[in-house]
Structures are given as structure tokens and as C-alpha cells.
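The values are calculated or read from the model by the stated rules, or taken from the named source; none is laboratory data. This is a predicted model, so every value here is computed, not measured. Methodologically, a virtual Cβ is constructed for each residue, glycine included, from the backbone with ideal geometry; neighbour enumeration extends over all protein chains shown. For the accessible areas, the whole protein counts, side chains as well, though only heavy atoms, and no ligand, DNA or RNA atoms are used. Shrake-Rupley method; radii C 1.70, N 1.55, O 1.52, S 1.80 Å.
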Amino acid sequence: MTEKDQSATTFTRRKALGALGAAAGVAGAGMLMPGIARMAHAQSSGPIKLGFQVHRTGIGSAYGRWYERVATAAISRINDMGGINGREVEMIAEDDGTDPRRGAEVLERFASLHNCDAVFGPLFSHVVIGSAPRAGELKMPYFVVSEGHHVASGALNRYTLQPGITDVKSQVISMAPFVSENLGKKVTMIYPDFAFGHDHRDFFTAAIAAQGGEVIQQIAVPPTETSFTRYFPSIPRDTDVVYHVMVGPAVLTFVREMGEFFGGRGPQLFGFIDSLEAVDITSPGLEFLEGSYFWEGMCRYAQPDQTSHEAAYRAAVGVDANGASLDDARDVSTYAHMFGVWETLAVIKAGMEASGYQGSNDRSGLIEAVEAMTDMPLSDDHPQGDKVFNGKTHQVFGKQNISRVESGKLVRVHQTSIEDTLYADEVDYTTQSF
Amino acid sequence: MEFGPHLLLATLEGAVTAAILALTAIGLSIVFGVMRVVNVAHGEFFMLGAVFAWSIASFFGSHPAVGFVAAILLAPLIVGALAAGADRLILQRIDYNPERTIVATIGLLYIIQQATLMTFGPDARPVEPPFNSVIALPWLEHTEAGWQVYWPWGLSVTSYKLFIIFAAVAVLSGIWLLMTRTRFGLIMRATQQDREMAQAFGVPVDRVFAYVFGLGAGLAAVGAVLVVPVQQAHYLMGHDPLLLSFVVVIIGGLGSLPGTVIAAVLIGLTDGIISVFFSPTLAKIIATLAVGMVLVFRPRGLMGK
């Protein structure tokens with residue numbers, strides 16, 4: 001067997017040497033005439049590639065399904081408007097399994113396999129925290145649609161930005177006055193036991209104390225938990241308000257068991273809609289939610305004063321007036337969060353256009369252009385409402401909604417101002433080098 | 001919540017866990033006892049039962065009870081048939097070699113999980129319970145006027161959770177009758193004690209093994225169908241039942257049915273009580289510690305021979 005193989009090896013080696021020589025020649029020419037090489041690169045570049053890190057499987061899949069629908073609709077809108085800088089935009093979606101380790105691997109695939117220009121999309125904060133360091137190493141602009149405070153806290157890096165959705169800290173400090181004035185001063189918190197839940201725990205506890213209230217019990221639940229009745233007896237009898245926020249596939253079980261536990265005799269309920277995202281509020285066993293309150297980033301049910309921008313967005317992402325899919329009324333969307341994907345893509349487009357983005361060499365220019373953004377007025381690009389972007393902390397700030405369950409629908413009863421959500425800067429990413 | 005009512009609630013929660021666990025672990029135990037196969041895919045058969053329960057219940061979408069009855073009858077049968085097929089197709093061909101069966105069932109675990117993901121999707125799917133009224137429970141307290149009944153806040157159970165406990169007892173009694181009073185049980189026990197001798201006496205061991213593997217998976221599926229109305233069907237739900245079933249089977253004694261039931265009650269109740277009073281993570285730690293202690297001090301388990 002050997003002779004044939006040997007000749008093949010020799011041939012390959014010679015061929016390889018030849019190829020190497022040719023490559024060296026091309027590279028040398030490129031070095032001598034950098035301008036020509038660069039132009040040739042620009043001319044040969046095809047569409048702008050945006051990597052979409054999506055939770056298709058794992059505990060974030062309900063969000064992932066809707067984030068993907070919104071991303072697809074937003075990209076096709078951008079392409080209908082002529083793309084970005086005259087180039088078509090191509091979305092490359094990869095499943096991260098809602099898993100931090102796979103999240104980082106997916107970033108590497110976007111960078112080295114697909115040659116993406118930027119990456120966007122993840123919601124779950126442990127995936128963001130697991131992936132962001134890799135984004136920094138790969139010098140890959142990473143636009144997250146999470147809610148964690150990790151971006152604005154300075155824990156991440158200059159390549160990670162959150163321009164499409166507000167963070168937990170700003171949400172809870174703007175909600176706390178409503179809770180203490182309307183529902184009660186003694187609060188028991190139930191939250192998922194990971195980064196996102198810890199943001200709720202830390203910032204709401206401080207925010208309610210600033211209002212003269214008190215968190216009398218904190219109940220942390222592992223995010224993969226499937227049964228919850230065992231946690232409820234820890235709620236003290238003198239609780240005025242139960243503040244609940246839960247995520248993952250078991251959210252329906254969580255609210256149902258909470259109703260069974262209280263049996264209609266419980267304290268006031270204030271929930272983050274996360275406890276009910278992608279869940280039909282008229283599901284059997286959820287009747288007890290009537291009269292309780294929820295935070296919503298964007299109101300799931302079309303409100304009487306819905307703007308034309310929101311109506312256009314609702315139609316584009318295929319959602320009816322009840323927040324469910326136009327094709328299947330039982331397929332309830334993650335409406336309170338998924339606008340963040342739409343708005344993030346609008347920001348990427350605006351940033352690339354402002355910086356004259358051409359290729360991966362212009363990535364730092366893209367980040368600087370986004371950092372320079374401030375006001376983002378209500379528009380088709382920002383259907384959730386006015387926003388203010390803070391370039392130093394890489395975090396956007398916007399209005400928050402509190403809705404009440406009335407006749408099985410969420411009706412907005414309060415909207416905060418942007419000023420209610422602001423807090424002092426904790427980092428200045430613009431001082432970090434690229 | 002005061003201590004007494006709190007303990008009662010914990011015990012009820014623990015009893016539900018124990019009921020489901022006993023069904024799942026008995027399935028694992030029978031398969032190991034008769035076939036000497038450590039079925040690592042057992043948790044995935046549990047998950048399949050739950051997912052089929054959801055699809056069957058949605059197919060019979062009229063009244064929740066109709067869907068549920070159809071699910072409890074059909075889902076275990078389908079899962080059992082699939083498992084029997086897997087036994088014929090895979091385990092029989094590797095001659096039930098202990099090391100190879102472990103690797104083969106690990107492979108089966110991933111195949112079932114990915115196939116479910118690809119066909120049913122990653123979402124959690126609810127099944128509506130056939131009935132689900134909340135039953136508030138009374139408690140006694142001693143006041144100046146003597147003992148008085150009162151209704152503590154939060155102390156309640158649902159009619160469906162009570163049903164789970166009764167249903168599990170009924171199924172387990174049925175299994176006990178099957179093992180001790182029927183010809184099939186006799187053949188199973190004969191195969192368990194001496195495979196070659198049973199074969200020499202004309203027992204079709206291959207067919208018995210397929211039935212036993214199907215029965216084990218079917219029992220996991222029964223547990224799953226019972227649990228879906230209080231949890232939800234999800235493609236990743238097989239991990240916990242598998243781990244806890246192993247814990248129960250090791251503590252109870254490999255292959256011993258009474259041991260498995262005792263251990264399931266023990267682990268289920270401790271899990272319920274410790275989870276309520278301390279934390280669910282501590283309950284898992286203690287269960288794992290118990291396995292370690294059993295392996296060190298009584299390797300054959302509580303009732304193992």
C-alpha cells in the first residue's frame with residue numbers, strides 16, 4: 001500500500017509549497033499596495049452578516065422562538081428599506097441551547113466560521129455573562145437583549161452593548177414607588193436563583209427600602225425547578241405584597257401553584273411578566289391573577305392608545321391584539337421583551353450607517369457610533385417608546401408599564417417616565433481601549 | 001406558617017413526590033432485577049410518557065377528563081411498545097452485556113431526547129388535570145376556650161394531588177399482584193433467578209426480556225402521565241426522575257420491589273420535608289449522601305439479597 005501513498009504525499013507537499021509561495025506573493029503585493037488590497041476586499045464583500053445567538057432549545061426556548069420571529073421580521077424590514085449602507089443584511093442564527101458554554105462557542109462560530117460583522121440576540125443573563133468575555137477577545141460587537149444589570153454594572157467589556165432593552169435595576173427602581181404606595185410596604189420576593197434574579201433581589205430590596213418599605217423575606221428558586229409549592233410556606237403571614245419573577249419552562253406551573261397555595265386568601269401580588277411570558281393568562285387555574293399587577297416592558301394586549309408605530313410593529317411580527325400569534329391564538333408571545341430585538345437591529349443599522357461601516361475593520365467605529373447615540377424617539381425603529389441611550393454604560397433607558405389583570409386581560413394602569421428609571425453611572429466603557 | 005400545618009403541607013408534598021418516584025423507580029428496579037440491565041435511558045422514557053400525554057390530551061381536546069383518561073391508557077402502552085422495540089433492536093443484539101448495555105442506553109437517552117426535541121419542540125406543554133379543586137385543610141389549636149379547629153393560611157391540597165397518591169398505590173398493588181399471582185410474574189421471577197435454567201424449561205427468555213423492558217418503561221410513563229397535570233411536559237424533564245430512581249433503587253436494594261417502595265417513600269418524604277423547611281438543594285445533597293452511606297455500610301441496600 002505504501003508506494004502509491006508515498007507518491008501522493010510528495011505530490012501534495014510540493015503542491016502545498018507552491019500554494020504557500022503564491023499566497024506569500026499575494027500577501028506581499030497587498031503589503032506594498034495596502035489601498036488596493038483594501039478596496040478589492042470591500043468590493044468583494046457581499047452582504048452584511050449579523051450573527052443571531054438564539055435560545056432555540058433549553059430553558060429559554062419560548063423566548064427564543066419569538067426572538068427569532070421578531071429578528072426575521074426586523075431584518076426583512078431593513079432589507080426592504082435597502083439594507084445597510086446599500087448592502088443586503090443576512091442573518092445567521094445559531095442555537096446556544098440557553099447554555100453559557102455553548103453561548104461562547106456560538107460566538108466563535110460567528111467569528112471564525114461565518115465571518116459575521118456583529119452578533120445580537122441573547123436574553124438569559126447567564127448566557128450573556130458566559131459569552132461576553134469571548135466577544136471581547138474576538139473583538140466582536142455583541143448586542144445583547146437581556147435585562148440583567150451586568151452590562152451597565154461594568155462587569156462586561158466595551159464590545160458588549162444593550163441598546164434595545166432596559167435593565168432590571170432601572171425597571172425596579174421605577175416600580176418600587178408604585179408598589180409601596182398602592183400595594184403595601186412589607187414585601188416577600190420570589191425570584192430565580194441566578195444573575196437575573198439576583199439583580200431583582202439586590203436592587204428591589206434597596207429600592208423598596210428607599211420608599212420606606214421593607215423586604216421581609218427573599219425566596220430564591222433554582223431556574224430549572226419544576227415544582228414550587230414547597231417554597232410558598234416560607235412566605236411570612238404579615239406579608240402585604242408578594243413580588244414574584246420566575247423564568248423558564250415551568251412558569252405556568254409556578255403561577256398555578258401559587259394560586260392553589262393562596263386559595264384566594266393571599267396577599268397582594270406584583271409580578272414581573274416574566275412569570276407569565278408566553279403563557280395564556282386565561283389558562284385554567286390562573287383565575288386568581290384577576291386584580292393582580294404585572295410589570296410589562298411593552299404591553300401584551302393592545303391598549304386603547306396604541307400608537308401607529310406599535311400597530312405596525314405588532315403586524316410585522318405577526319401578533320394579534322391579545323399578544324398571541326396571528327396564526328395560532330394559543331401561541332402567546334413574549335411581547336414584553338421581544339421588542340428589544342427589533343430595536344437592537346434598528347440601532348445596529350443606525351450605528352453602521354453613522355460610522356460608514358464597510359467590513360470587520362470598522363467594528364470599533366460601529367461601537368463608537370452607537371456610544372455616541374443619545375435620544376431614540378418613539379418611531380417605527382423604537383415602537384416601545386422614547387428611549388435614552390447612555391454611551392458610557394452601554395445601557396438604554398426607557399418607560400416602564402404596570403398593568404392590572406382585568407377580565408382576563410392586562411390593562412395598563414401606570415407608565416413611568418424615563419427619569420424614574422435613571423441611576424448614577426457605574427462604569428465608563430468609552431475609556432477602555434479596543 | 002406555624003410548625004404543625006407547615007409539616008402537614010410538607011408531608012403531603014412529599015407523599016406526591018414519593019408516589020411518582022415509587023412508580024418510576026419500580027420500573028427501573030424490575031428491569032434491573034430481571035434483566036440485569038442498568039437502564040440509563042429510564043428518565044427519557046418518563047419524559048416520553050409526559051410528552052405523549054400532552055399530544056394525546058391535545059388530540060382529544062374536548063373535556064380535560066377525556067384527554068387525561070386517553071393519555072393514561074395510551075401513553076404508557078406506546079412508551080412500553082417503543083421500549084420493547086428498543087430491547088429487540090439494541091439490547092438483545094449486544095447480548096445484554098452489562099458494560100455495553102450502559103453505553104447503549106446512554107445512546108438511547110440522547111436519541112430519545114433529540115428526537116423529542118425535533119418532533120415536539122423545546123417548549124413546556126401543559127396538560128389540564130381532569131379535576132383540580134383546592135381542598136383547604138383544618139388544623140387544631142389550643143386556645144383559652146380549649147381546642148379549636150381553624151383553617152391555616154396556605155394549608156391546602158388539590159383533589160388531583162390526592163388522586164396521584166391513590167393512583168400510584170393502585171398501580172403498585174397491581175404490579176405486586178402481577179409479580180406474585182400470575183403466570184407472567186412466575187416466569188419473570190424464574191428468569192430473574194436463573195436465566196439459563198428458565199430457558200432450559202422452555203421459557204422464551206428473549207420475549208420475556210422485551211416485555212419486562214417495556215413494562216419498566218411503561219411504569220415510568222404512568223408516573224409521568226400522572227405528574228404532567230401538576231408540572232409540564234418538557235424534553236429536558238428526564239434528568240431528575242432518573243437520578244432519584246437510581247438513588248431509590250440503590251437504597252432499596254437492587255431488584256427488590258418492597259425495598260424500592262420503602263426507599264421511594266423514604267426519599268420522597270425527606271425530599272418533601274427538607275425542601276419545605278430548608279432547601280431543595282439540601283434535600284438532593286442528603287439523598288446523595290444516603291446513597292453513599294448505603295453503599296459503604298450496606299452495599300446490598302435495605303432489602304437487597
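Of all residues in the range A:210-234, those that are assigned by TED's automatic domain parsing to the domain that holds A:Val247 have Cβ atoms under 8 Å from Cβ atoms of residues that are open to solvent by 50 Å² or more (accessible area, probe 1.4 Å) and assigned to a strand (DSSP E or B), 6 or more apart or on another chain, in A:Gly213/A:Lys186; A:Glu214/A:Lys186; A:Ile216/A:Lys186; A:Ser234/A:Gln217. Regarding A:Gly264, is this residue in contact with a helix residue (DSSP H, G or I) (Cβ under 8 Å, 6 or more places away or on another chain), of a type outside the set (Lys, Arg) and within 14 Å of another protein chain (Cβ to nearest Cβ)? Considered against the rule, which asks whether it is in contact with a helix residue (DSSP H, G or I) (Cβ under 8 Å, 6 or more places away or on another chain), of a type outside the set (Lys, Arg) and within 14 Å of another protein chain (Cβ to nearest Cβ), A:Gly264 comes out as yes. In the range A:350-370, the residues that are assigned by TED's automatic domain parsing to the domain that holds A:Met81 reach residues that are aromatic (Phe, Trp, Tyr) and open to solvent by less than 40 Å² (accessible area, probe 1.4 Å) with C-beta atoms within less than 7 angstrom, at least six apart or across chains, in these pairs: A:Gly365/A:Tyr357; A:Leu366/A:Tyr357; A:Ile367/A:Tyr159. Summed over the range A:230-239, the residues that are open to solvent by 10 Å² or more (accessible area, probe 1.4 Å) and either part of a loop (DSSP other than H, G, I, E, B) or of a type in the set (Val, Ile, Thr) (or both) give a count of 4.
Checking each residue in the range A:46-88 for being in contact with a Gly (Cβ under 8 Å, 6 or more places away or on another chain) and of a type in the set (Ser, Thr, Tyr) picks out A:Thr57, A:Ser61, A:Tyr67.
When A:Val279 is tested against (1) within 10 Å of another protein chain (Cβ to nearest Cβ); (2) part of a helix (DSSP H, G or I); (3) in contact (Cβ under 8 Å) with a residue 40 or more places away in the chain, only condition (2) is not met. Among the residues examined, A:Leu107 does not qualify as farther than 23 Å from A:Trp66 by Cβ and at pLDDT 95 or above.
Inside the range A:409-434, residues that are modelled with pLDDT of 95 or more and either open to solvent by less than 60 Å² (accessible area, probe 1.4 Å) or among the hydroxyl-bearing types (Ser, Thr, Tyr) (or both) make up a count of 12. With respect to the numbered conditions (1) assigned to a helix (DSSP H, G or I); (2) away from chain A (no Cβ under 14 Å), which one is the sole condition not fulfilled by B:Leu244? Result: B:Leu244 passes all but (2). Taken as a whole, the range B:269-282 holds no residue that is open to solvent by less than 10 Å² (accessible area, probe 1.4 Å), in contact (Cβ under 8 Å) with a residue 24 or more places away in the chain and away from chain A (no Cβ under 14 Å). Against the numbered list (1) open to solvent by 30 Å² or more (accessible area, probe 1.4 Å); (2) of a type in the set (Val, Ile, Thr); (3) at pLDDT below 90, A:Thr282 comes up short only at (3).
Selection of the range A:367-379 for residues being in contact with a Ser or Thr (Cβ under 9 Å, 6 or more places away or on another chain) and within 18 Å of A:Gly340 (Cβ to Cβ) yields A:Val370, A:Leu378. Checking each residue in the range B:283-305 for being open to solvent by 50 Å² or more (accessible area, probe 1.4 Å) and either without any contact (Cβ under 8 Å) to a residue 40 or more places away in the chain or more than 30 Å from B:Gln192 (Cβ to Cβ) (or both) picks out B:Lys284, B:Ile285, B:Ile286, B:Leu289, B:Met293, B:Val296, B:Phe297, B:Arg298, B:Pro299. Evaluation of B:Val149 against the conditions (1) in contact (Cβ under 8 Å) with a residue 60 or more places away in the chain; (2) more than 14 Å from chain A (Cβ to nearest Cβ) shows that the sole unmet condition is (1). Identification of helices (runs of 4 or more DSSP H) wholly contained in the range A:91-208 with 3 or more residues that are within 19 Å of A:Lys49 (Cβ to Cβ) and either over 17 Å from the mean Cα position of the chain (by Cα) or not hydroxyl-bearing (Ser, Thr, Tyr) (or both) yields A:100-108, A:125-138.
Only one of the numbered conditions (1) touching a Gly at 6+ places or on another chain (Cβ under 9 Å); (2) of a type in the set (Ser, Thr, Tyr); (3) open to solvent by 40 Å² or more (accessible area, probe 1.4 Å) is violated by A:Ser292, and that is (3).
Within the range B:219-241, the set of residues being in a helix (DSSP H, G or I) and buried (at least 24 other Cβ atoms within 10 Å of the Cβ) comprises B:Leu219, B:Ala220, B:Ala221, B:Val222, B:Gly223, B:Ala224, B:Val225, B:Leu226, B:Val227, B:Pro241. Between A:Ala207, A:Ala195, the distinction of being free of Cβ contacts under 8 Å to residues at least 60 places away in the same chain, of a type outside the set (S, T, N, Q), more than 14 Å from every other protein chain (Cβ to nearest Cβ) and under 20 Å from A:Lys169 (Cα atoms) belongs to A:Ala207 only.
Going residue by residue through the range A:241-249, is there one that turns out to be over 17 Å from B:Ser275 (Cβ atoms) and within 11 Å of chain B (Cβ to nearest Cβ)? Checked the range A:241-249: at least one residue is over 17 Å from B:Ser275 (Cβ atoms) and within 11 Å of chain B (Cβ to nearest Cβ). Being farther than 22 Å from B:Ala19 by Cα, touching a residue at least 40 places away in the same chain (Cβ under 8 Å) and among the charged types (D, E, K, R) is a condition met by at least one residue of the range B:197-207.
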